[in-house]
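Novice: If you scroll down you'll find the structure; I have some questions about it.
The values are calculated or read from the model by the stated rules, or taken from the named source; none is laboratory data. Every value quoted in this text rests on a predicted model; they were computed, and no experiment measured them. Ideal geometry is used to build each Cβ from the backbone, glycine not excepted, and the neighbour counts take in all protein chains shown.
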Amino acid sequence: MKGTSWRNARNPGDAYLYVLQVDEVKGIREEKRISKFLNDWYLYGDGYDPTTKTRSLIFRRSFSSEVEWKKWARSFPYLLEEITEKTGRLKPYKLGLEYQKKKGILK
């Protein structure tokens, strides 16, 4: 599984609203595992790819600040990357498993 996130700031009230798309979810076990980890997120949408037999789940959640978002994103237990909403370019910092490996949290 891997995740892609972006900040959704289209409405003035959505200051720190983040969207998280988790791709390559294989089977009900993985779906339940990710849903359990994201229990405080709102399931916003989903999709199914019949060629790979995997699902994509889309969640959203508000944070009080960008610092709070980064703290949460660094603890994400799978690969995670953040892209800019307007251009779709990858942000330069590491999140999820890449951050944990870099900091020596995972061995």
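Novice: Given the criterion crowded, with 16+ Cβ neighbours inside 10 Å, among the charged types (D, E, K, R), touching a strand residue (DSSP E or B) at 6+ places or on another chain (Cβ under 7 Å) and under 12 Å from S5 (Cα atoms), identify the matching residue among E85, E81. Walk me through how you get there before you give the answer.
Specialist: Working: E85 fails: crowded, with 16+ Cβ neighbours inside 10 Å.
Result: E81 is the single residue among E85, E81 that is crowded, with 16+ Cβ neighbours inside 10 Å, among the charged types (D, E, K, R), touching a strand residue (DSSP E or B) at 6+ places or on another chain (Cβ under 7 Å) and under 12 Å from S5 (Cα atoms).
Novice: Do you know which residues across segment 89-107 are of a type in the set (G, A, S) and within 14 Å of G3 (Cα to Cα)? Working first, answer last.
Specialist: Quick first cut of segment 89-107, residues of a type in the set (G, A, S) only: 96, 104.
Result: G96, single match.
Novice: Oh, and also: For segment 65-78, name all the residues that are charged (D, E, K, R) and either surrounded by 14 or more Cβ atoms within 10 Å (Cβ to Cβ) or modelled with pLDDT under 80 (or both). Please lay out each step first, then the result.
Specialist: First pass over segment 65-78, keeping only residues charged (D, E, K, R): 66, 68, 70-71, 74.
Within segment 65-78, K70, R74 qualify.
Novice: One residue is enough: does segment 85-101 have a residue meeting the conditions touching a Leu at 6+ places or on another chain (Cβ under 7 Å), outside any loop (DSSP other than H, G, I, E, B), modelled with pLDDT of 90 or more and not aromatic (F, W, Y)?
Specialist: The answer is no, given that none of the residues of segment 85-101 is touching a Leu at 6+ places or on another chain (Cβ under 7 Å), outside any loop (DSSP other than H, G, I, E, B), modelled with pLDDT of 90 or more and not aromatic (F, W, Y).
Novice: Pairs please, first residue from segment 28-46 and exposed (fewer than 15 other Cβ atoms within 10 Å of the Cβ), second anywhere and assigned to a loop (DSSP other than H, G, I, E, B), Cβ atoms under 9 Å, 6+ apart in sequence or on different chains.
Specialist: Sorted first by the residue in segment 28-46, then by its partner, the pairs are F37/F76; F37/P77; F37/Y78.
Novice: Condition first: under 17 Å from M1 (Cα atoms) and out of contact with any strand residue (DSSP E or B) (no Cβ under 7 Å at 6 or more places or on another chain). Now tell me which residues in segment 50-65 satisfy that. Working first, answer last.
Specialist: Going residue by residue through segment 50-65, those that are under 17 Å from M1 (Cα atoms) are 50-59.
P50, T51, T52, K53 - these are the residues of segment 50-65 that are under 17 Å from M1 (Cα atoms) and out of contact with any strand residue (DSSP E or B) (no Cβ under 7 Å at 6 or more places or on another chain).
Novice: Quick check on my filter: what residues within segment 60-90 are under 20 Å from N39 (Cα atoms) and without any contact (Cβ under 8 Å) to a residue 40 or more places away in the chain?
Specialist: Within segment 60-90, K70, K71, W72, R74, S75 qualify.
Novice: Moving on to the next point. Do you know which residues across segment 78-107 are charged (D, E, K, R) and under 15 Å from the mean Cα position of the chain (by Cα)?
Specialist: The answer is E81, E82, E85, K91, K94, E98.
Novice: Also, I was wondering about something else. Just checking: which of the strands (runs of 3 or more DSSP E) contained wholly in segment 11-77 hold 2 or more residues that are among the polar types (S, T, N, Q), under 14 Å from the mean Cα position of the chain (by Cα) and within 25 Å of Q100 (Cα to Cα)? Write out each step before concluding.
Specialist: Working: elements: 17-25, 42-49, 54-62.
Fully inside segment 11-77 and qualifying: 54-62.
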